[in-house]
Amino acid sequence: MTMSPSPPDPVRLPPARFALDRWTWREVAYLLADLPVAVVGFVYTILVVGVGAGLSVTVVGLPLLVGGLQGGRLLGRLERRRARWMLGVRVEEPSPLGRGHRGQGAFARLWAGLKDPVGWRALLYGFVRLPWGVLTFAVTLVGLLVLWPVLPFIARGLATVDRAMVRGLLSPSDELERRIAELESDRGVVVDTAAADLRRIERDLHDGAQARLVALAMGLGLAKEKLADDPEAAARMVDEAHGEIKATLQELRDLARGIHPAVLTDRGLDAALSSIASRCTVPVTVSVGLRERPAEAIEGIAYFTVSELLQNISKHSAARSASVEVWRAEDRLMLQVTDDGRGGARLDGGGTGLAGLAERLDAVDGVLVLDSPEGGPTTVTAELPWRARISGRPLTGPSGRRTS
């Protein structure tokens, strides 16, 4: 994926001229401040790289280097703000570090911090700024004292190089580009999933409820014709139509439950998960530890995730018992479904639909982790972003355990 070019400056700078206007004075002030700022950045970079590399053979070296890279991010943010205010150049803020590594181990987070391209480019910016800062300070000072008639042109030329350095080294990294590509891909998954769900609902209505209603209308028509000539036959046909109506209503209820169950809307995840657990072919223990309800969309995804996992347990696991646990961990909604079946489930096959479920969760910035050794047990952990319900009512407290 290719990124669009950097956005234009928020302020259109006037051309440089002999008269000293406000933009010239801003550029001069920026150039004169380059030297002290460059000294601070250079010293910080040397300390971070020197101490971090020197102590990398010890336990504390790499964490110190990661902390130094985070400090480099902070220096880069301050430089972007200074360039925005004094030079009129706007560079978008890079994506924060660590959002894609929640739930991973300490080593994974440490390795992600060491590979942080934004931090390394900020340190590189601090390193190369010292010779440039000395040059710009000296040239600007001489121009201010001796060459002031052409100072606007000197300041504009030097400031243009500064703008290029800020854009080149402090702009968003490839990490943000990858994130945008992932979001575009996830959007395609969401669109395809919605289209497939609509086709499924249309097919279920056409092949199920609609066909039953057509047969019901024909049966009632025949009963009406026979009402006068053969009342007993008409009564039997009405009885058959009554049974057909009951079957149709049940089918419509099942279809509505598959779209969005009423119990989920009215009573939340606790009652809704207990309802689907009661229909599982193995005993299921449900534990929901939420003090408030998440946003409706997140709640619905959580419900259907557990529903599909329990269906997999009924069809494929040969388990004797299972459990469902739901809790909140900071800004994530956690789901864990465990069974004592034969194990051996895989995300890349086996007909269990876990790969499709993982894609659906990934489309909403969620994660699906499967642990299913041969012989069991199988544990599926799903992680969803937590968004609070706008007008939701808090729950009375974490629910206890019960077996359905």
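Rule-based calculations on the coordinates, nothing more; no lab input. This structure is a prediction, so every number in the text was calculated from the model and none was measured. Quick reminder, even Gly has a Cβ in these numbers, built from the backbone with ideal geometry, and neighbours come from all protein chains shown.
Can you tell me the FRET efficiency between residue 114 and residue 265 if r is taken as the Cβ-Cβ distance and R0 is 41 Å, rounded to the nearest 0.05?
Values: r = 46 Å, r/R0 = 1.13.
The calculated FRET efficiency here is 0.30.
For residue 160 and residue 315, compute 0.36 nm times the residue count separating them, minus their Cα-Cα distance, and round to one decimal in nm.
Value of the extension gain: 49.2 nm.
Just the Cα atoms of region 300-342, one point each, no solvent: what log10 I(q)/I(0) does Debye give at q = 0.14 Å⁻¹?
-0.35
Kindly list the residues of region 369-383 that lie in the label zone of residue 329, defined by a backbone N under 11 Å from the point 7 Å along the Cα-to-C-beta vector.
369, 381-383
Taking a label point 7 Å from the Cα of residue 53 along the Cα→Cβ vector, which residues of region 123-137 have an amide N closer than 20 Å to it?
In region 123-137, the label zone of residue 53 (backbone N under 20 Å from the point 7 Å along Cα→Cβ) covers 123-132.
In nm, what is the difference between 0.36 nm times the number of residues separating residue 381 and residue 346 and their Cα-Cα distance?
Once the chain is fully extended between residue 381 and residue 346, it gains 11.2 nm.
Please work out how much length the chain gains when fully extended from residue 355 to residue 153, using 0.36 nm per residue of separation minus the C-alpha to C-alpha distance, in nm with one decimal.
66.6 nm
Once R0 is set to 41 Å, what does the formula 1/(1 + (r/R0)^6) return for the Cβ-Cβ distance between residue 222 and residue 362, expressed as a FRET efficiency to the nearest 0.05?
Computed FRET efficiency for residue 222 and residue 362: 0.15.
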